[in-house]
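A.B. asks: Handing you this structure, nothing more for now.
Taken together, the values in this text are just the output of simple stated rules run on the coordinates, not laboratory data. Treat the numbers as computed from the prediction; the structure is a model and nothing was measured. FYI the Cβ positions are ideal-geometry reconstructions off the backbone, even for glycines, and counts take in every protein chain you see.
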Amino acid sequence: MYTLSIQRSFVARHYLIGGDWGPENNLHSHFYRLEATLEGFELDQHGYLVDIVHVEALLDDLVARYRDQTLNDLPEFQGLNPSIEHFCRIVAQRLSDGLRSPNICAVQVRIWENAIASASYRLERPCE
């Protein structure tokens, strides 16, 4: 299985809901680091798993959507606690939807909210 990973960093805000999370219940920001990893069994005719320029553009668009935003205010987080777990799933699904590479079998997104805490979500896709 081949893998390709790309990272991006950005700042966004959120506040946690649904429990007594102390200071996390108040609006605050995180310096997020996002890593997207794509997996597949086959390379294309050029020896690439995927067109990295296309993936970088998809990630840049996704990061632009979340940069300097309050996650709670975005429609994709409506009714959800804006945890990094939910954030990973949302980004993985959006990234997968934008991929045009039929050989990609899985998309994994890992997001760090600080230097020691991260979560990830792995989305399997049908692949050739």
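A.B. asks: Would you tally the residues in segment 87-128 being over 24 Å from Leu74 (Cβ atoms) and touching a residue at least 60 places away in the same chain (Cβ under 8 Å)?
C.D. replies: 7
A.B. asks: I'm trying to understand the selection: among the residues of segment 35-59, which are assigned to a loop (DSSP other than H, G, I, E, B) and under 20 Å from Arg122 (Cβ atoms)? Give the steps one after another, and end with the answer.
C.D. replies: Restricting attention to segment 35-59, the residues satisfying the condition of being assigned to a loop (DSSP other than H, G, I, E, B) are 41-51.
Listed by number, the residues that qualify are Phe41, Glu42, Leu49, Val50.
A.B. asks: Something else: Are any residues in segment 21-34 touching a helix residue (DSSP H, G or I) at 6+ places or on another chain (Cβ under 9 Å) and either of a type outside the set (A, V, I, L, M, F, W, C) or part of a strand (DSSP E or B) (or both), and if so, which ones?
C.D. replies: If the condition is that a residue be touching a helix residue (DSSP H, G or I) at 6+ places or on another chain (Cβ under 9 Å) and either of a type outside the set (A, V, I, L, M, F, W, C) or part of a strand (DSSP E or B) (or both), then His30, Tyr32, Leu34 are the ones that fit.
A.B. asks: Which one is surrounded by the fewest Cβ atoms within 10 Å (Cβ to Cβ), of the residues in segment 92-104 that are out of contact with any Phe, Trp or Tyr (no Cβ under 8 Å at 6 or more places or on another chain) and more than 22 Å from His46 (Cα to Cα)?
C.D. replies: Asp97
A.B. asks: If you go through segment 60-89, how many residues are assigned to a helix (DSSP H, G or I) and under 16 Å from Leu27 (Cα atoms)?
C.D. replies: Total satisfying the criteria: 6.
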